[in-house]
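First comes the structure, then the notes that go with it.
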Amino acid sequence: MTALLAVLSLILIAIIVVQLGKVSELARKIRGEEEMQLMVNRRNGALSLLFLIVFLAATIASGLYYKNWFLGFGPHASASQHGGALDNMFAVTLFFTGIVFVLTHIALFYFAWRYQGRRGGKAEFLSHNNRLEVVWTLIPAVVMTFLVIKGLDAWNEVMADVSPEEEYIEIEATGMQFAWLLRYPGPDGKLGARDYKKISASNPLGQDWTDTKNHDDIHPTEIVLPVGKKVRVRITSRDVLHNFYLPHFRVKMDAVPGMPTYFVFTPSKTTEEYRQELKNYDEYNVPIDPDDPESLLKWEAFDYELACAELCGKGHFSMKRLVKIVPEAEYQDWLSKQQSYYESTIKGTDDDPFKSETDAISEAAPEEVEDLQEEAAE
Amino acid sequence: MANVATPVTTTPKYDEDLLIEEYGYDDHFHEHHEGDKYQANFITTYIFSQDHKIIAKQFLITGMFWAIVGALMSLVFRLQLGFPEESLAWLKPVLGKWIVVNDAGVGTLAPEFYYALVTMHGTILVFFVLTAGLSGTFSNLLIPLQIGARDMASPFLNMLSYWFFFLASVVMFFSLFLNTGPFAGGWTAYPPLSALPQASSGSGAGMTLWVVSLVFFVVSVLLGGINYITTVLNLRTKGMSMWRMPLTIWSFFITAIIGLLSFPVLVSAFFLVVFDRELNTSFFLNEIFINNQALDYAGGSPVLYQHLFWFFGHPEVYIIILPAMGMVSEVLSVHSRKPIFGYKAMVFSILAIAFLSFIVWAHHMFMSGVNPFISNFFVVFTLIIAVPSAVKVFNWIATLYGGNIRFNAASLFGIGFVSMFISGGLTGIFLGNSAIDIQLHDTYFVVAHFHIVMGVAAFFGMFAGIYNWFPKMYGRFMNDTLGKIHFWGTLVGAYAVFWPMHYLGMAGVPRRYYSFDNFETFSHFAGLNQFITIAAIVTFGFQILFVINFFYSIWYGKKMTTRNPWGASTLEWTTPIKTGHGNWPGKVPTVQRWAYDYGKDGKEYIPQIVPAQEGETNVH
Ligand code: HEM
Ligand SMILES: [Cu+2]
Ligand SMILES: [Cu+2]
């Protein structure tokens, strides 16, 4: 029934369209080809001008309406130290392209209107002007040079890897279908070795438990980081491509199976500070659940998020982890409460290469533990 | 000379028959033409035709079929994005198990089929519609007609070119009905997702058919391309020097060269993926654990595939846009009754763009894990492309300046093209700067960029071409009132669809997301997404208008009464209204001047076959 209706209405539309076409052709006949063309020119010339005005007004108005979403404007200022450079590049590019956009559109549609075919009108024979060509080659060239230099300056700074003598925190994010697995190095500050062939249900990252650097590694369910400390994220994948994407921090890097990548950034605002900034904006002063006025306001409920930005299969849109940026003391507190994955899940099980020695170790004096572990590793 | 009408402002201005009798030359074609052995019956005339004009129509109609299929797919996934709560159960009769209906009777699009639809949409539009449907149609139609050739250098290869495209179409169409669904890994088909059947239901048989289809497709493009290049180089009529060719021919010619250099690289990437899939080689795969199993692949690199793909992929976007640029140049010039401004600058900028298009590919890979240092070079070359692109824009605008513009669907779409190319090109400048791309990569900003600059702009070029050359194809006109309604509706509609996506992208909303509800960051735009979906549906409605107009006009459109309705100077309008195989029944025209003598010396236009007049200066 609905299908029939749909088909019928389609046929109806087709008939109307065809009739409309016929009427216009009749009009053409009655008024004469030439008169008709002049009328068409007048109309469409006017429409060009109208479109120009409406279009520019709409782009500018919508831009203002959504200005809070522009990079570096409004509440979405970057929450990392390098992000400002990028947001600034965005603003500079917006400035130049905005001018070009407006001017070329004015020229395009104004000329269309101004030079519409008129009765007895004649086109000028203007075939070229080499000086003009040079001018309008050089102007974009100069602007581009400026943008390239400024852009690359920012790029090389942002993408620089850490140097060995620097102090930084290294964490690891591993993409899999469809979740992010996180790993912190634990007190030794070092991530242990991995081998994808060792991956199993109880060993999601394929950590090599004979490598004692693995024993203190933590598998948290959220990223927690201290504000103002440099972080190097080691990014890997277990299966297909993923992309480690922290929108608020202007961080994005593919996770490639078999080829660890990295991104270095320094969080500059704690979650709480960011919430306080959001508080100043109306759109964040509404309840998160529109049906429940008692629920938290959006700024109160805000959290940084980690997402995936490289198509990885049917669950690509759901690879979320929360990111919390906290003051140093709170971070240390959080860290000290985390138990290493080895301790919580592996130790003493069949997966533990030190199983036989576990008892020995636990009974041994603390200074002997390291020796025993080293022995076991060999 | 006496036969040639002197300047008047109304058509007909010249009698092309007499012109050709006087200035054309005899290539003895008509002796063979009697009893044309190539067009003996219905099958050789309309199906396995070797006439470039028929082949052009075959490309066009097949392209239109795919455009409708591809657009309908986009409407389905837009419904999912714009109205995630609404039931799609009513689509079940068409989409079957792609729609999952829960106990409450609410139907939703299954995520894997959302991705299948997005992938098919991209593949179909990029390859079948905007490559085959655009350059296949108009290179075929216009190259022989505008350079004064009887047909392509090899009509037989030309026929094969279409039939390989047809074969590709059949295989791709078949893949839509697979039990496991068509390929769902994105039109770029990055491994390991595309290489491992375990990774996604579409990566099994769906991917196999996808690759097979596209390999046939590449054969089609290469056969076509060799032919276009050979034809342009060898079959130009007397007097048609390279510098007298219309910009359409320049753009088809350069497009074919780019295609010949880039498509083979795509095929090699595909072959290596197939080796990885079927022969357990490790070109692109390394250390993978999937479905509770560690695979044996070692030492390959998924990034290598991306290099190969984009070495093809970036030139491909110019393969799509250059023919549109050429046709728009022609249409704007003809209908503003002025020479194209800066003809040589236009040619040089095409050449510059073509060259640069081969050394910018890694701008798609800034965030792929390639060494950030390498990106420096790609940023430089990428932003340099903006310069020849800007030159082209300025020249189009200058072509309108001082004109006597005849508004019709063709010229309007030409103007619309320039607007789209500006809007989309400018956002390329953001993306080309790797620092900004950190944030914008793989967000809706990219979607906005390439749909405006490539998708919509190329469609506008195609529409301009169709409205302008429809009379040459079918001897009738399309209804221009409907054409103008089609234009204004599409211009406004397309901007309404794609402009807001910039805002989504700036806010960080990633592309290829089935749902935005999981993330607070991306969930602020339900209203905007609804708006986009509605705009897309309305814009699609205007395309229906076009389709009706097109098919109605083939049979019932206003008949052409003069052979050169636009008063154009190029050669295709010197052929008879009903153009037979061989194009010119008698002599082939000889070319005496460039293609853009509009408004010169007080004459509204001077056809290319008219020799320099006494005292005429500046004959190109
Ligand atoms: C001013 C000139 C242009 C520049 C600087 C430019 C730059 C870029 C960059 C850097 C990207 C990658 C964005 C990302 O994935 O993060 C991109 C994507 C794209 N561009 Fe452009 N572009 C320009 C013009 C064009 C033109 C003329 C076309 C086509 C006719 C085009 C088609 C595309 C397509 C299809 C994509 C997306 C491919 C995908 O990821 O699916 N661009 N552009
Ligand atoms: Cu993903
Ligand atoms: Cu590109």
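Structure values in brief
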quantity: Pair list, Cβ under 8 Å, 6 or more apart: region A:66-90 residue facing chain B (nearest Cβ under 10 Å), other residue at pLDDT below 90 and open to solvent by less than 10 Å² (accessible area, probe 1.4 Å); calculated: A:N68/A:P75; A:S78/A:L71; A:L86/A:L71; A:D87/A:L71; A:F90/A:L71
quantity: Matching residues in region A:204-248 - criterion: being within 16 Å of ligand 2 (Cβ to nearest atom) and not β-branched (V, I, T); calculated: A:S237, A:R238, A:D239, A:L241, A:H242, A:N243, A:F244, A:Y245, A:L246, A:P247
quantity: Flag if B:L130 is within 16 Å of ligand 3 (Cβ to nearest atom), open to solvent by less than 10 Å² (accessible area, probe 1.4 Å) and in the same structural domain as B:S200 (by TED's automatic domain parsing); calculated: yes
quantity: Cβ-Cβ under 9 Å pairs, at least 6 apart or on other chains, region A:187-200 side closer than 27 Å to B:I290 by Cα and at pLDDT below 95, far side assigned to a loop (DSSP other than H, G, I, E, B) and open to solvent by 50 Å² or more (accessible area, probe 1.4 Å); calculated: A:A193/A:T210; A:D195/B:E287; A:Y196/B:E287; A:K197/B:E287; A:I199/B:N292; A:S200/A:D351; A:S200/B:N292
quantity: Residue in region B:318-338 that is within 16 Å of ligand 3 (Cβ to nearest atom), hydroxyl-bearing (S, T, Y) and either surrounded by 24 or more Cβ atoms within 10 Å (Cβ to Cβ) or more than 14 Å from chain A (Cβ to nearest Cβ) (or both) present; calculated: yes
quantity: Unique residue being outside any loop (DSSP other than H, G, I, E, B) and open to solvent by 60 Å² or more (accessible area, probe 1.4 Å) when the list is A:E283, A:E294; calculated: A:E283
quantity: Subset of region B:327-343 (residues that are more than 13 Å from ligand 1 (Cβ to nearest atom) and either among the hydrophobic types (A, V, I, L, M, F, W, C) or within 13 Å of B:T248 (Cα to Cα) (or both)); calculated: B:M327, B:S329, B:E330, B:V331, B:L332, B:S333, B:V334, B:I340, B:F341, B:Y343
quantity: Residue match in region B:266-286 (condition: β-branched (V, I, T) and either at the interface with chain A (Cβ under 9 Å from one of its Cβ atoms) or within 16 Å of ligand 1 (Cβ to nearest atom) (or both)); calculated: no
quantity: Breaking point among (1) closer than 27 Å to A:F125 by Cβ; (2) open to solvent by less than 10 Å² (accessible area, probe 1.4 Å); (3) within 11 Å of chain A (Cβ to nearest Cβ), for B:W469; calculated: (3)
quantity: Candidate set: region B:563-578, residues that are of a type in the set (A, V, I, L, M) and outside any helix (DSSP H, G or I); chosen: the one most open to solvent (accessible area, probe 1.4 Å); calculated: B:I577
quantity: Filtered residues of region A:190-201 (kept if surrounded by fewer than 20 Cβ atoms within 10 Å (Cβ to Cβ) and touching a helix residue (DSSP H, G or I) at 6+ places or on another chain (Cβ under 6 Å)); calculated: A:K190
quantity: Close pairs from region A:304-333: first of a type outside the set (A, V, I, L, M), partner within 16 Å of ligand 3 (Cβ to nearest atom), Cβ under 9 Å, at least 6 apart; calculated: A:E310/B:Y190; A:E310/B:M367; A:E310/B:S368; A:E310/B:D442
quantity: Residues satisfying the stated conditions in region A:248-262, i.e. touching a strand residue (DSSP E or B) at 6+ places or on another chain (Cβ under 7 Å) and either facing another protein chain (nearest Cβ under 7 Å) or in contact (Cβ under 8 Å) with a residue 60 or more places away in the chain (or both); calculated: A:H248, A:F249, A:R250, A:V251, A:K252, A:M253, A:D254, A:A255, A:V256, A:P257, A:T261, A:Y262
quantity: Residue check, B:A457 among the small types (G, A, S), assigned by TED's automatic domain parsing to the domain that holds B:V387, surrounded by 24 or more Cβ atoms within 10 Å (Cβ to Cβ) and in contact (Cβ under 8 Å) with a residue 60 or more places away in the chain; calculated: yes
quantity: Residue list for region B:424-469, filter: of a type in the set (G, A, S), within 30 Å of B:S553 (Cβ to Cβ) and away from ligand 3 (no atom under 16 Å from the Cβ); calculated: B:G461, B:A464, B:G465
quantity: Selection status of B:Y598, within 30 Å of A:A27 (Cβ to Cβ), touching a residue at least 24 places away in the same chain (Cβ under 8 Å) and open to solvent by 40 Å² or more (accessible area, probe 1.4 Å); calculated: no
quantity: Residues (touching a residue at least 60 places away in the same chain (Cβ under 8 Å) and open to solvent by 70 Å² or more (accessible area, probe 1.4 Å)) located in region B:273-292; calculated: B:N291
quantity: Selected residue (criterion: surrounded by the most Cβ atoms within 10 Å (Cβ to Cβ)) from residues of region B:359-384 that are within 12 Å of ligand 3 (Cβ to nearest atom) and free of Cβ contacts under 8 Å to residues at least 40 places away in the same chain; calculated: B:F381
quantity: Residue in region A:218-226 that is more than 14 Å from chain B (Cβ to nearest Cβ), touching a Lys or Arg at 6+ places or on another chain (Cβ under 8 Å), crowded, with 22+ Cβ neighbours inside 10 Å and of a type outside the set (F, W, Y) present; calculated: yes
quantity: Positions within region B:171-201 being facing another protein chain (nearest Cβ under 9 Å) and assigned to a helix (DSSP H, G or I), in sequence order; calculated: B:Q198, B:A199, B:S201
quantity: The one condition in (1) modelled with pLDDT under 95; (2) away from ligand 2 (no atom under 16 Å from the Cβ) that B:G369 fails to fulfil; calculated: (2)
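Residues are listed down the side, and each one gets a yes or a no for (1) among the polar types (S, T, N, Q); (2) within 22 Å of B:A67 (Cβ to Cβ); (3) part of a helix (DSSP H, G or I):
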| site | (1), (2), (3) |
| --- | --- |
| B:A104 | no, no, no |
| B:E112 | no, no, yes |
| B:A116 | no, yes, yes |
| B:I124 | no, yes, yes |
| B:T137 | yes, yes, yes |
| B:N140 | yes, yes, yes |
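Results for (1) at the interface with another protein chain (Cβ under 8 Å from one of its Cβ atoms); (2) open to solvent by 10 Å² or more (accessible area, probe 1.4 Å), shown as yes or no for each residue.
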position: B:G505; (1), (2): no, no
position: B:P510; (1), (2): yes, no
position: B:D517; (1), (2): no, yes
position: B:S523; (1), (2): no, yes
position: B:N529; (1), (2): no, no
position: B:G541; (1), (2): no, yes
position: B:F550; (1), (2): no, no
position: B:W555; (1), (2): no, yes
position: B:T561; (1), (2): no, yes
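To keep it simple, each residue is scored yes or no on (1) under 18 Å from the mean Cα position of the chain (by Cα); (2) touching a residue at least 60 places away in the same chain (Cβ under 8 Å); (3) part of a helix (DSSP H, G or I); (4) closer than 30 Å to B:V265 by Cα.
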| site | (1), (2), (3), (4) |
| --- | --- |
| B:F312 | yes, no, yes, yes |
| B:Y318 | yes, yes, yes, yes |
| B:I321 | yes, yes, yes, yes |
| B:M325 | yes, yes, yes, yes |
| B:E330 | yes, yes, yes, no |
| B:S333 | no, yes, yes, no |
| B:M346 | no, yes, yes, yes |
| B:L351 | no, yes, yes, yes |
| B:F355 | no, no, yes, yes |
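The values are calculated or read from the model by the stated rules, or taken from the named source; none is laboratory data. Since the model is a prediction, treat every value here as computed from it, not as a measurement. Here the Cβ is made from the backbone with ideal geometry for all residues, glycine too, and neighbour counts use every protein chain on show. With ligands, DNA and RNA removed, areas are computed over all heavy atoms of the protein, side chains included. Shrake-Rupley method; radii C 1.70, N 1.55, O 1.52, S 1.80 Å.
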